[in-house]
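The values are calculated or read from the model by the stated rules, or taken from the named source; none is laboratory data. Note that the coordinates shown come from a computational prediction; the quantities given were computed from them, not determined experimentally. As a convention, Cβ positions derive from the backbone with ideal geometry for all residues, glycine included, and neighbour counts pool all protein chains shown.
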Amino acid sequence: MQADRPAPFGFLRRIDAAIGRVEVWILGWGIILMASNTIANVLGRYVFNQSIYFSEELNEFLIVLVTFMGLGYATRKGIHIRMSAVYDALPVTTRKAMMVVIATATAVMMATLAWYAFEYVQKVASRGRVTPALQVPLYLTYVWVVLGLALTAFQYLLTALRNLNFAEPDIYVSYLEVDRYEDPETTAALLRHGEDAAAANPDGHGGAAADESRSTTTSKTEKGADQ
């Protein structure tokens with residue numbers, strides 16, 4: 001859930017927004033190309049008895065691209081899997097401090113991995129290796145690893161900076177996304193209950209039940225955020 005408050009360091013928000021647009025464009029076209037390439041190869045194999053000779057190699061390249069560019073995108077949206085049973089039971093101030101430590105440590109780790117990946121790409125480039133089918137330089141495949149890890153490090157650094165303001169009650173899992181707890185199954189059940197009540201009581205009482213269900217869902221979300 002995105003924050004209602006304006007983000008500090010406005011120039012960083014503009015940079016983050018520009019990077020986000022580029023990531024979405026790359027990820028979107030990467031997935032479209034992967035799907036199109038796979039479908040075309042299947043049609044060629046089973047309809048024309050002729051596979052596309054570079055199809056597998058192209059898909060391998062696109063998988064690397066989507067995986068590592070998606071790493072930064074998932075960090076920006078705050079949707080990485082987290083083990084937060086102990087974390088959720090802590091006071092807000094402690095959780096905020098822990099988020100700063102976690103985000104900083106992860107940023108350092110991602111930056112270190114990006115540096116090692118960069119050194120590896122340099123070695124591959126110096127050897128002049130090319131891919132078997134497309135005959136393009138092999139290092140171009142691994143450039144996306146470096147870029148994805150570097151962007152992820154940048155996102156975690158922004159997360160740490162955003163949580164340094166302890167006067168602000170919200171905890172951020174990314175530069176813009178606020179940490180909110182909401183069980184999707186419970187939310188869906190409550191909404192279904194309200195809709196069933198509205199259908200069973202067309203005189204208007206059902207609508208009140210539906211509104212109550214939505215209100216309960218909202219209060220549960222807010223309660224989880226304040227714990």
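Scanning the stretch 34-81 for residues that are of a type in the set (A, V, I, L, M, F, W, C), in contact with a helix residue (DSSP H, G or I) (Cβ under 6 Å, 6 or more places away or on another chain) and over 30 Å from residue 158 (Cα atoms) returns 34, 52, 58.
Residue count for the stretch 125-156 satisfying the condition of being on the phi < 0 side of the Ramachandran plot and either under 29 Å from the mean Cα position of the chain (by Cα) or polar (S, T, N, Q) (or both): 21.
The residue list 85, 40, 17, 103 contains one member that is among the small types (Gly, Ala, Ser), closer than 17 Å to residue 147 by Cα and in the same structural domain as residue 149 (by TED's automatic domain parsing), which is 17.
Answer yes or no: is there a residue in the stretch 180-189 that is modelled with pLDDT of 70 or more, in contact with a helix residue (DSSP H, G or I) (Cβ under 8 Å, 6 or more places away or on another chain) and surrounded by 13 or more Cβ atoms within 10 Å (Cβ to Cβ). Scanning the stretch 180-189, I find at least one residue that is modelled with pLDDT of 70 or more, in contact with a helix residue (DSSP H, G or I) (Cβ under 8 Å, 6 or more places away or on another chain) and surrounded by 13 or more Cβ atoms within 10 Å (Cβ to Cβ), so the answer is yes. In the stretch 75-95, which residue that is assigned to a helix (DSSP H, G or I) and either β-branched (Val, Ile, Thr) or at pLDDT 90 or above (or both) is surrounded by the fewest Cβ atoms within 10 Å (Cβ to Cβ)? In this case the residue turns out to be 86. From the list 99, 110, the one residue that fits, being among the hydrophobic types (A, V, I, L, M, F, W, C), at negative phi and touching a strand residue (DSSP E or B) at 6+ places or on another chain (Cβ under 9 Å), is 99.
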